[in-house]
Amino acid sequence: MKKKVFITGSSSGIGEYLAYAYSKLNYFVGLAARREDKLHQVASKCTKLGGGTKIYQLDVLNEENCIEAINDFIELPGEMDTVYANAGIGSPDQLSSGKAETMNRILQTNILGVTNTVMPFIPHMKSQKHGKIAVISSIASFRGLPHHSAYSGSKAAVRNICQGWQSALKKHRVSVTAVCPGFIKSEMTDSNNFYMPFLMDTDVAAKKIIRAVDRRKKVYIFPWQMRLLAIPILKYAPDWIINKFSL
Ligand SMILES: NC(=O)c1ccc[n+]([C@@H]2O[C@H](COP(=O)([O-])OP(=O)(O)OC[C@H]3O[C@@H](n4cnc5c(N)ncnc54)[C@H](OP(=O)(O)O)[C@@H]3O)[C@@H](O)[C@H]2O)c1
């Protein structure tokens, strides 16, 4: 029986390359995002690589649409293997704007987008006594970052949520992995005009993520240089150092 994987944010970047990697492994891939044209391009490449796909044009902020799409995906033939809550956005907080709009959009997409994606899968995974949940957090989750506090806060929130889900779902044989990447090539990082240490190719990142999720790691921080260097700095450096290097 073919295994199924559902990936939000698969119209570009990490989600797109996760879809290609799973297609090479002969999985059936549920491709979800807002840009339908991009999803069609990804789907045709997945087909060439050997995987089947179904496209779900949705906004992860729309809970009803997520439930509808996910119920449809669950009903398709095959064994539900992994869900990736990968869709996310990031931009500066706009602290001088006097408006919460930008921060709220980041918090909603990166937190509620995760719960809207994962929650509909949980009853099914519990009843089949098998399943893997992967949430894309970030190395940024380890410190409230100046001018990017909505982003770092949202990623800390989902890492914390993953920890709770891990304990609650373990007895049902459902694993939960909080993936914390450093800098990975994608549309998100393409717009960065600063030096990104240890910037990793998207296809390499996708393979590493899949291996960690398959091994049911609780938290996966990569690349290893970021795990060794950046995490202690983010956790313990005084504010003035973080401010000096803030964007
Ligand atoms: N690249 C990095 O260095 C890095 C590092 C740490 C964590 N991350 C995280 O990795 C995840 C993927 O990002 P990426 O780097 O691959 O960037 P990306 O290329 O910009 O991909 C983001 C994806 O999220 C989708 N998306 C955004 N808002 C959505 C919404 N409301 N509903 C549905 N889909 C939505 C986008 O698709 P549509 O626009 O078509 O909807 C797109 O496919 C994000 O959660 C990001 O925070 C990235």
>> Quick check for me: using +1 on Lys/Arg Cβ and -1 on Asp/Glu Cβ, what's the dipole size of segment 9-114 about its Cα centre, in debye to the nearest 20?
In response: 500
> For segment 1-47 and segment 192-216, what is the separation of their C-alpha centers, rounded to whole Å?
Replying inline: 17
> Expressed as a rounded percentage, what relative contact order does the chain have, with Cα pairs under 8 Å and six or more residues apart?
Replying inline: 18
> Of all the stretches in the chain, which is the longest one without any exposed loop site, taking chymotrypsin sites (Phe, Trp or Tyr not before Pro) in a DSSP loop (any state but H, G, I, E, B) with at most 16 other Cβ atoms within 10 Å?
Replying inline: 1-193
>> Taking every DSSP beta bridge with both residues inside the chain, roughly what % is antiparallel (nearest 5)?
In response: 0
> Looking at segment 127-176, which trypsin sites (Lys or Arg not before Pro) are in a loop (DSSP not H, G, I, E or B) and have at most 15 other Cβ atoms within 10 Å?
Replying inline: LYS129, ARG173
>> Roughly how far apart, in whole Å, are the Cα centres of segment 61-109 and segment 133-167?
In response: 14
> Residues with beta-carbon under 14 Å from that of GLY88, excluding GLY88: net charge, scoring Lys, Arg +1 and Asp, Glu -1?
Replying inline: +1
> From the residues LEU169, PHE6, LEU95, which one has its Cα farthest along the dipole of the chain in the positive direction, the dipole being from +1 and -1 charges on Cβ of Lys/Arg and Asp/Glu about the Cα centre?
Replying inline: LEU169
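For each pair in LYS4/LYS235; LYS2/LYS207; LYS24/LYS235; LYS3/LYS38; LYS171/LYS235; LYS48/LYS129, compute the distance between the two Cα atoms and list the pairs where it is over 28 Å. Could the numbers behind the result be given before it?
On the way: LYS4/LYS235 37 Å; LYS2/LYS207 20 Å; LYS24/LYS235 38 Å; LYS3/LYS38 24 Å; LYS171/LYS235 32 Å; LYS48/LYS129 32 Å.
In this structure, LYS4/LYS235; LYS24/LYS235; LYS171/LYS235; LYS48/LYS129 lie more than 28 Å apart at Cα.
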>> Give the average over all directions of the projected area of the C-alpha convex hull of segment 2-52, one decimal, in nm².
In response: 2.7
> Taking amide hydrogens as modeled 1.01 Å from N in the peptide plane, which residues meet the under 5 Å criterion relative to LYS3, leaving out close sequence neighbours?
Replying inline: PHE28, GLU79
> Mind checking the log10 I(q)/I(0) for segment 3-244 at q = 0.13, 0.17 Å⁻¹? Debye, one equal scatterer per Cα, no solvent, two decimals.
Replying inline: -0.76, -1.32
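Could you tell me which of rounded, prolate or oblate describes segment 5-129, using a ≥ b ≥ c as the square roots of the eigenvalues of the alpha-carbon gyration tensor, with rounded for a/c under 1.5 and, failing that, prolate when a/b is larger than b/c and oblate otherwise? Mind dumping the intermediate values first?
Values: a/c = 2.48, a/b = 1.52, b/c = 1.63.
Note, shape of segment 5-129 comes out oblate.
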> Cα to Cα, under 18 Å, and not fewer than 8 places away if on the same chain: which aspartates and glutamates meet these conditions relative to LYS185?
Replying inline: GLU16, ASP201, ASP203
> Can you sort THR189, THR82 so the residue with the fewest Cβ neighbours within 10 Å comes first?
Replying inline: THR189, THR82
> Could you give the Stokes-Einstein D for segment 121-216 in µm² per second, using the C-alpha Kirkwood radius, 37 °C, 0.692 mPa s?
Replying inline: 223
> Amide H to amide H under 5 Å from VAL219: which residues, 5+ apart in sequence or cross-chain, H placed 1.01 Å off N in plane?
Replying inline: ALA178
> Using only helices, what value at 222 nm comes out for the chain when you add -39,500 (n - 2.57) per DSSP H run of length 4 or more and divide by the total residues, to the nearest 500 deg cm²/dmol?
Replying inline: -13000 deg cm²/dmol
> Magnitude of the Cβ-charge dipole of the chain, K/R +1 and D/E -1, about the Cα centre, nearest 20 debye?
Replying inline: 1160
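We did not get these values from a lab; they are worked out from the coordinates using the rules stated. Predicted model, so just to flag it, every value in this text is computed and none were measured. Heads up, the Cβs are rebuilt from the backbone with ideal geometry, glycines too, and the neighbour counts pull from every protein chain shown.
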